[in-house]
Amino acid sequence: MGALDYLSNFCTVTSTRGKRKAMQTVEIKVKMDCDGCERRVKNAVTTMKGVKSVEVNRKQHRVTVSGYVEPNKVLKRVKSTGKRAEFWPYIPQHLVHYPYASGAYDRRAPSGFVRNVVQAFPASNAPEDNIVSLFSDDNVNACSIM
């Protein structure tokens with residue numbers, strides 16, 4: 001078997017092609033005012049190699065690109081149209097513990113979204129909090145003395 005393995009190493013075909021990029025969804029915030037802006041951004045991104053679908057939501061100033069693309073290249077292509085663009089900085093409001101904390105609430109955000117920032121008041125697992133929840137009306141297994 002040793003000689004056969006040795007000879008098989010010479011017969012293997014190596015691929016010169018690189019790895020294929022992973023399928024990704026890139027969301028970008030782009031300031032768009034009219035149909036012409038929307039069309040220019042959509043055409044610029046659609047012509048990129050690896051793009052499968054492009055969705056433009058002018059009301060939210062949001063462009064969603066799906067495909068085998070790199071996020072930085074998509075952002076660069078959108079900026080090349082002359083529009084101010086950045087990665088989508090918002091997350092749905094229901095995913096945040098304190099949506100009205102300073103830094104998270106943004107008046108310019110679409111309805112139902114807040115900025116994606118580190119929360120100042122993370123959920124605590126301190127023992128004092130566990131004791132308080134023992135006597136809570138929300139706790140089904142609460143103490144029966146209450």
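Quick notes on this one:
- Within segment 62-94, being open to solvent by less than 20 Å² (accessible area, probe 1.4 Å), part of a strand (DSSP E or B) and in contact with a helix residue (DSSP H, G or I) (Cβ under 7 Å, 6 or more places away or on another chain) holds for Val63, Val65, Ala85.
- Within segment 20-45, the set of residues being assigned to a helix (DSSP H, G or I) and surrounded by 12 or more Cβ atoms within 10 Å (Cβ to Cβ) comprises Cys37, Glu38, Arg39, Arg40, Val41, Lys42, Ala44, Val45.
- When residues of segment 47-59 are limited to those that are part of a loop (DSSP other than H, G, I, E, B) and within 18 Å of Gly36 (Cβ to Cβ), the one most open to solvent (accessible area, probe 1.4 Å): Lys59
The values are calculated or read from the model by the stated rules, or taken from the named source; none is laboratory data. If you're wondering where the values come from, they're calculated on a predicted model, not measured in any experiment. Reconstructed Cβ throughout: ideal geometry from the backbone, glycine too, with neighbour counts over all protein chains shown. These area figures cover heavy atoms from the full protein model, side chains too; ligands, DNA and RNA do not enter into them. Shrake-Rupley method; radii C 1.70, N 1.55, O 1.52, S 1.80 Å.
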